[in-house]
Amino acid sequence: MLGAQETAQLEEQLQGWGEVILAGDQVLRWKKPWFPGALMAATTLVFMMIYYLDPSVLTGLSCTVMLLCLSDYLVPTLAPRIFGSNKWSSEQQQRFHEICGNLVKTQRRILGWWKRLFSLKEEKPKMYFASVISSLVTVAWMGQQVHNLFLTYLIVSFLLLLPGLNQHGVISKYAGMAKREINKLLKQKEKKNE
C-alpha cells in the first residue's frame, strides 16, 4: 500500500517529464539496435568536451546546476510541443507507472542498504570498520591509479548501459556463468579437502 502511494506521488511529480522519461527509457533499454552506440557517442562527446574545456570544480558544478534548472523549467513546457499531444495511450501510461514504481523500489533498496550498513555498525563494529576501511582504501587506490575524469566516464557509461544490458539478458547470462564457475571451484575445493 505504501509503495503504491509513493509511486502515485512520484508519478504526479514527474508528470511534466513523462514524454522525456518514456523516450529516455526506450534509449536506455535499447529499443533500436543503434541506441547503445548513440548513447556511448553522446556520453563520449560530453566527457571529451569536459576534458577539453577543463572547467574548475566550481564552474562545472555551476554549469551542471544551471542546466538542471533550465531543463526543469523548459522540459515541462516544451515536451508536449515536441512529442505531440498530451494524450497518452494506456500502454504509455502503464510503462510510465512501471518506471515510477522501479524508481521507488530502487530508492527503497538504497535506503535498505544504508540501514543495513548502520545496523552492521551497531551489531558488529569490528566487521563494519574492517569492511568500510578496506572498501575506502580500494576506492582510494583506484582513484590514484586511474584519472578522475576517465574513471567517472567509465562509471557513467556502465550506469547508462546497465538497463539495456539487463533488458537483453547480458547481465543474467554472465552472472550465471560466474556462478557456475564459482560452484565448480567450490566443488573442486571440497574434493581436495576430502
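The values are calculated or read from the model by the stated rules, or taken from the named source; none is laboratory data. What you see is a predicted model; the values in this text were computed from it and never measured. All Cβ positions, even for glycine, are placed from backbone atoms using ideal geometry, and neighbour counts span all protein chains on display. For the accessible areas, the whole protein counts, side chains as well, though only heavy atoms, and no ligand, DNA or RNA atoms are used. Shrake-Rupley method; radii C 1.70, N 1.55, O 1.52, S 1.80 Å.
An oblate overall shape is assigned to segment 1-155, the ratio a/c of its alpha-carbon gyration tensor axes (a ≥ b ≥ c) being 1.5 or greater and a/b not exceeding b/c.
Shape call for segment 126-194 from the C-alpha gyration tensor, a ≥ b ≥ c root eigenvalues: rounded (a/c under 1.5), prolate (a/b greater than b/c) or oblate? It comes out oblate by the Cα gyration axes. Remark: the chain carries 80 Å² of accessible area per residue (probe radius 1.4 Å; ligands, DNA and RNA excluded). Loop-located chymotrypsin sites (Phe, Trp or Tyr not before Pro) in segment 22-78 (DSSP state other than H, G, I, E, B) with a sparse environment of at most 16 neighbouring Cβ atoms within 10 Å: Trp34. Projected label points at Arg81 and Thr152, each 7 Å from Cα along the beta carbon direction, are separated by 3.2 nanometres. Distance between the pseudo-spin-label points of Leu185 and Thr59 (7 Å out from Cα toward the beta carbon): 4.6 nm.
Round to the nearest 0.05 the FRET efficiency obtained for Leu160 and Leu120 when R0 = 30 Å and r is the Cβ-Cβ distance.
Values: r = 31 Å, r/R0 = 1.03.
For Leu160 and Leu120, the calculated efficiency is 0.45.
Among Asp25, Asp72, Asp54, the sequence by solvent-accessible area, most first, with a 1.4 Å probe is Asp54, Asp72, Asp25.
Within the accessible area of the chain, what % is carbon and sulfur when the probe is 1.4 Å and the other protein chains stay in place? Numbers along the way, then the final one.
Numbers: 10250 of 15560 Å².
On the chain, the fraction of accessible area on carbon and sulfur atoms equals 66 percent.
Placing +1 on the Cβ of every Lys and Arg and -1 on the Cβ of every Asp and Glu, with nothing else charged, gives the chain a dipole about its Cα centre of roughly 1060 debye.
For segment 71-194, lysine pairs with C-alpha atoms less than 18 angstrom apart, excluding pairs fewer than eight positions apart on the same chain, total 7.
With contacts defined as alpha carbon pairs under 8 Å and 6 or more residues apart, what's the relative contact order of the chain in percent? Worked out over the chain, it gives 38 percent. With the cut-off at 1.5 for a/c, could you classify segment 11-59 from its C-alpha gyration tensor as rounded, prolate or oblate? It is oblate, given that a/c is not under 1.5 and a/b is not larger than b/c.
Report the calculated FRET efficiency for Trp17 and Leu111 (r = Cβ-Cβ distance, R0 = 25 Å), to the nearest 0.05.
0.65
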